[in-house]
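**Student:** One structure coming up, written as structure tokens, with questions to follow.
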């Protein structure tokens, strides 16, 4: 048994954020439940190695919010600097998923 020392790593995402990512991944990529839970868990682990948790929260929020239709969504869609970061975030998520053998049909 290993004793934990010091503060949590900045990439140690809280369980709730990992669960929410896996649930969203399962909705987006239906398949055999056990297989997809493992693949989606792999993807969130890979993502956590690439993006600090605080940045993940900001980027995933911006990514989700920019899909809102109408004026509310345009608040983020119309800011090019935000959209650049959202595109980078989405590419990182896609790379993490592809690295865990999640197919995009």
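What follows draws every value from the coordinates through simple rules; no lab data is involved. Remember, it's a predicted structure, so these values are computed and weren't measured experimentally.
**Student:** So how tilted is helix 53-65 from the main axis of the chain? Cα-based, degrees 0 to 90, rounded to 10.
**Tutor:** Between helix and principal axis, roughly 40 degrees.
**Student:** What number, rounded to the nearest 500 deg cm²/dmol, is the helix-based mean residue ellipticity at 222 nm of the chain, given -39500 (n - 2.57) per DSSP H run of at least four residues and division by all its residues? Provide the component values of the computation, followed by the final result.
**Tutor:** Working: 5 runs with 73 residues, N = 105.
My calculation for the chain gives -22500 deg cm²/dmol from helical runs alone.
**Student:** Here's a follow-up. Give, in whole angstrom and from largest to smallest, the semi-axes √(5λ) of the equivalent ellipsoid of region 16-66, with λ running over the eigenvalues of the Cα gyration tensor. Can you show the working numbers first?
**Tutor:** Working: eigenvalues 83, 34, 11 Å².
Each semi-axis is √(5λ); the values are 20, 13, 8 Å.
**Student:** Same structure again: Tell me the angle of helix 80-99 to the major Cα principal axis of the chain, expressed in degrees between 0 and 90 and rounded to the nearest ten.
**Tutor:** 40 degrees
**Student:** Grab the eigenvalues of the alpha-carbon gyration tensor for region 15-99, scale each by 5, take roots, and send me the semi-axes largest first in whole angstrom. Write out the running numbers ahead of the final one.
**Tutor:** Numbers: eigenvalues 119, 41, 23 Å².
In descending order, the three semi-axes are 24, 14, 11 Å.
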